[in-house]
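**Student:** Structure provided below as structure tokens; questions to follow.
The values are calculated or read from the model by the stated rules, or taken from the named source; none is laboratory data. It should be emphasised that the depicted structure is a prediction, and the values quoted were computed from it without experimental measurement. Here the Cβ positions follow ideal geometry from the backbone for every residue, glycine too, while neighbour counts run over all protein chains shown. Quick note on the areas: whole protein, heavy atoms, side chains included, nothing else; ligands and nucleic acids left out. Shrake-Rupley method; radii C 1.70, N 1.55, O 1.52, S 1.80 Å.
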Amino acid sequence: MSRNALHRLGKRTSERLRRIQRRAAAWQRTARQAAAVAAVCAGMAGMPRIGEAQTGQMSMVPAGGVLNRAAAGFQQLNQNGPGFFYYGLNAADRGLGYNGSYMTLGGYIPYSEDDLGGLWAADLRSHLSVNGGFFSNVGLVRKQFLGGSLLGVGVFWDFDGDENQYQAFGTCGTEYGQFGHSYNQIGVSGEWLTDFGNLRSNGYMPVGTTAYTAGAPGTPFYQNYVMCQYGLDAALTGADLEVGAYIPGLSDWAGMISVGGYALGNARYNWWQGPQTGKDVVPWFGGVYTRLDMTFANNWDFSLQGNNDSYFDWTGFARLTYRMGGSRRRNVPDQMEQPMMRNEHIVRAHQTPIMAVNPQTGTPYRVIHVDNAAPTGGSGAVESPLTTLAAASAAATNPYDIVFVHRGLSRTSTPYGGSFVFGNENQYLVGDGLGFMLQTACCGPIALTTGAGLTPLLSNPAGDSVTIAGPLAAGATIAGIDILGSRTGIYATGPLTSGIGRGLTVQNVSITGNGTTASQEGVFLDKASGKATFSETAIANMTTAGFAIEGAAAGPLDVDYQGSITSDTKLNGGAVAPIVYIADTQGGTINLATGGGAAGATVPNQISDTGGSGIQIVNNAAATTIAIGNVSLTDNVQTAIAVVDDQATTSITADSGSGIVKRTNGAAISVLGGSPNLSYTGPITNGLPTSGATSSYLLSVADTTGGSVTLTAPGTPFIDTGNGISINNAAGDVTLAGAGAKITSVGGQGILIDGAGSTGNYLFSNATILGATSAGVLINGAPGSTEFQNLTVNLSSATAVGFQASGAGDITAVVGSNSITTASSSQPAVRITGSGPIDMSFTTITSANTATTATTPATPTALMFNTSPGTFNVTSKFTVGGAAGSTANVTNAGGTTVNLPP
């Protein structure tokens, strides 16, 4: 700025000081006039929508409209001398605690001078935001010169009705709207202005209701809604402090840079639920800001400010103000009539509440809360929950209703009794446990949990804890609950799949017996059809059945169970019950604990039964497919796996389980009647009990009319020290595969195929028979076809034949290395009568027989054939009575070609 310019500015400043003093006496009269003008301005600002419409007419009718006429009047005031009023535009996308730009019509109106030389003025401001909201500031300010500086203080009343600054229209889940509110605030301001710079401070104290909430952080619940995002609208108490300095390089524009800091918060209200319970709705936080102030020409003031803090992040504004009569900020005397620098908006923390919307219906989910620790008489809202499952059942009448069960007293004194009965399609029963993921249209999956991680406990010894009766209750979802000692944990009947294709879903549910012999069943699907999916489910120590499916239904049933089903008679009061019972189904696919489980699963896939009656598959239709995995069946009563009168295709695998370990009477695997297709893969160790032994079979197949039974030993052979394998009147096929079996039978035979009804195809691979009192292999009156691969018979019994067949069908043993060794001094190694045709090849035959007969008076018989066409070869070694055998040790009554080693 030039020397002449400085001279002119000094003269103007001196004149302004004299003019203020002359006007002081007249300020009383002026104040009354100004009050009237202010009233007119306030009235104008109080009609934002009308004013906005009139402004919109300016391009068409420049002279019309209240605002246009007011603008013309302001121009006249400016031309006639210093004015009281100013007009400003505040451009901000995100200001400090507000959104959107606004315009300002303000007045700084002097009033009087007190006896101490202080000058009093009214600081009046009215604002209209781009969102159509009105807010205002009314202040009483006193300023006084102190030497060459100016000291000012002010008290303000702020009103902020800019409620619609948060866009919600068309946003999914914003049924509450923008969630904006009007606030009032008391403010205190102070400033010290010098020729070198300024020092300013403001305090802000909202009054009345200063915060509104909808929900809370860390919990998705509010009233009867699920919230994607909790709602908060809070006016913030706070203060700021800044220091400013003139910039020499911008002296032509009175440029000043100010830096400051602020602290804001709302400690008046606390969160009432969720993990933030008891904490301030807006904890105190601090921030910093920088502002550039400049004056252009004579009337135009410009400000640019940027703020940063941990709550709002970056915010700011750009403000352009037109002041009638010229700018009031070029020097200290000028600023006697300068409005105080402060926040014009009430700073508010805001988050628009968003409800979880059902993607199927487009409407918010409805939640009914149950908490037996709450007072009775509740409404079902999270703030006023019901106290019983029965009350929740009665309240949940709409499709997609969610019944949310809090832990309450269920773990400490009073489990939830009675039965929850699903009352409509696609409803949910969810416990406050691990957090069931609810699908929403607005915010994707959302976890239903209060954050406490406390799973509720249900118990109903007299009935079902949960009942699903389709089709009314089809599509039910059960998640995050524990059930103890109920007669039935989950009972489902009828069609389980709803109209949108959603079946029964069970997730993160534990069903446990109470250790008594009272009737207790885990899951019972009774005459059910449709789909049922279980994940992260654990059933333990039931006394009736762990998992039961029974009854013919109108359609097929598809079940996928991922989790564990376990039982031990030492833990269930000694009750003997099946771990899995599947009967009378008419179709569908049933998968129980198959595979390795889903990634991240906390409940391993396993089917484990100790001392119970194992797995029972009964009378299922051929259209049914069953797969059961990860089995560990130990010392089961009678049978580990029983398949009775069944037609289904069933696959049972040990996988990570121990397979079958059985030292009890009965059979490790028993197949009786029907025409099932059964396969088992896994270890088997079978034997007799230590006392009271009668019989215990590795495999018993009887009276089947078709189908197949396949046992596969992975890695190591089955071990049997009981009675081996028995096939009786079985028209279905039987296969021993994999590593085969090592049979040390204490009974008459290691492998027995008996009965005219045994018309199937029988294949035994890698069978080793080390014990039998009558015959290692006996095929008696069984017309079916039998094949052996890598058969080894080595008997120490003094009375046992190695291989015996009478009235049998085709017999083949040409694959692998087959051998027979017998210790009997009175029985041949091989006796085949009235069978065939045969095609058998053995590497070695070793017989200890030394007895002679009338047919062979000179030499003992090791091989005996009678009316059995075909070929029998000994390829390597033939030993009889400790010496090399010959044709003299063969009795052949016709039809069999016998080839011995040279």
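**Student:** Total Lys pairs in the chain closer than 26 Å by alpha-carbon, pairs eight or more apart in sequence or interchain only?
**Tutor:** 4
**Student:** Explain nothing, just the number: dipole magnitude of the range 356-451 about its Cα centre with +1 on each Lys and Arg Cβ and -1 on each Asp and Glu Cβ, in debye rounded to the nearest 20.
**Tutor:** 120
**Student:** Sort 597-606, 843-852 by packing, meaning the average of other beta carbons within 10 Å per residue, with the highest value first.
**Tutor:** 843-852, 597-606
**Student:** Let me ask you something else. What number, rounded to the nearest 500 deg cm²/dmol, is the helix-based mean residue ellipticity at 222 nm of the chain, given -39500 (n - 2.57) per DSSP H run of at least four residues and division by all its residues? Before the final figure, lay out the partial values.
**Tutor:** Numbers: 5 runs with 71 residues, N = 902.
Calculated from helices alone, the mean residue ellipticity at 222 nm is -2500 deg cm²/dmol.
**Student:** May I pose another question? What FRET efficiency, computed as 1/(1 + (r/R0)^6) with R0 = 56 Å and r the Cβ-Cβ distance, is obtained for Leu116 and Phe169, rounded to the nearest 0.05?
**Tutor:** Approximately 0.55, to the nearest 0.05.
**Student:** Among DSSP bridges having both ends in the chain, what percentage is antiparallel? Round to the nearest 5.
**Tutor:** Expressed as a percentage, antiparallel bridges in the chain total about 40.
**Student:** Provide the solvent-accessible area of Ser796, counting protein heavy atoms only and rolling a 1.4 Å probe, rounded to the nearest 10 Å².
**Tutor:** Near enough 100 Å² of accessible area.
**Student:** Once Lys and Arg get +1 and Asp and Glu get -1 on their Cβ, which of Phe436, Ala473, Ala883 lies farthest toward the positive end of the dipole of the chain?
**Tutor:** Result: Phe436.
**Student:** Let me spell out the model: positive unit charges on the Cβ of Lys and Arg, negative unit charges on the Cβ of Asp and Glu, origin at the Cα centre of the range 459-627. What dipole size does that give, in debye rounded to 20? Please report the intermediate quantities before stating the final value.
**Tutor:** Working: 5 positive and 11 negative charges, 24 e Å.
Taking the Cα centre of the range 459-627 as origin, the dipole is about 120 debye.
**Student:** How big is the Kirkwood radius of the range 758-896, worked out from every pair of different alpha carbons and given in Å to one decimal?
**Tutor:** 14.5
**Student:** Could you rank the peptides 245-251, 206-212 by their average count of other C-beta atoms within 10 Å per residue, with the highest value first?
**Tutor:** Averaged packing, sorted descending, gives the order 206-212, 245-251.
**Student:** Take the Cα atoms of the range 651-799, find their three principal axes, and give me the spread along each one in whole Å, biggest first.
**Tutor:** Ordered largest first, the range 651-799 gives principal extents of 41, 35, 31 Å.
**Student:** Give me the percent of accessible area attributable to carbon and sulfur for the chain, probe 1.4 angstrom.
**Tutor:** Numbers: 19380 of 34210 Å².
That fraction is 57 percent.
**Student:** Share of antiparallel DSSP beta bridges in the range 356-451, in percent to the nearest 5?
**Tutor:** Values: 5 of 14 bridges.
The answer is about 35 percent antiparallel.
**Student:** For the chain, divide the Cα radius of gyration by the Kirkwood radius and give the resulting Rg/Rh value with two decimals.
**Tutor:** With Rg and the Kirkwood Rh in hand, the quotient comes to 1.33.
**Student:** Amide H to amide H, which residues 5 or more places from Thr850 or on other chains are under 5 Å from it, using H placed in the peptide plane?
**Tutor:** Ser826
**Student:** Can you tell me what share of the DSSP beta bridges in the range 459-627 is antiparallel? A percent to the nearest 5 is fine.
**Tutor:** Close to 0 percent.
**Student:** Another question about this same structure. Per 0.36 nm of contour for each residue apart, how much would the distance between Asn299 and Asn892 grow if the chain were fully extended, relative to their Cα-Cα spacing?
**Tutor:** On the way: separation 593, 0.36 × 593 = 213.48 nm, distance 13.29 nm.
Length gained, Asn299 through Asn892: 200.2 nm.
**Student:** Then there is this: From the residues Gln351, Tyr365, Gly325, which one has its Cα farthest along the dipole of the range 311-367 in the positive direction, the dipole being from +1 and -1 charges on Cβ of Lys/Arg and Asp/Glu about the Cα centre?
**Tutor:** Looking along the dipole axis, the top candidate is Gly325.
**Student:** Just to be sure I understand the curve: with the Debye formula and one point per C-alpha of the range 356-451, what is log10 I(q)/I(0) at q = 0.14, 0.17, 0.19, 0.24 Å⁻¹?
**Tutor:** Those come out to -0.50, -0.73, -0.90, -1.32, one per q.
**Student:** Now for a separate question. Please name which of Ala214, Phe135, Ala234 has its Cα lying farthest along the dipole of the range 83-351 towards the positive end, using unit charges on Cβ (Lys, Arg +1; Asp, Glu -1) and the Cα centre as origin.
**Tutor:** Of the options given, the answer is Ala214.
**Student:** So for Asp560, Asp115, Asp703, what's the accessible-area order with a 1.4 Å probe, most first?
**Tutor:** If we order Asp560, Asp115, Asp703 from most to least accessible, we get Asp115, Asp703, Asp560.
**Student:** Can I ask one more? How much area per residue is accessible in the chain when the probe is 1.4 Å and only protein heavy atoms are counted (Å²)?
**Tutor:** 38
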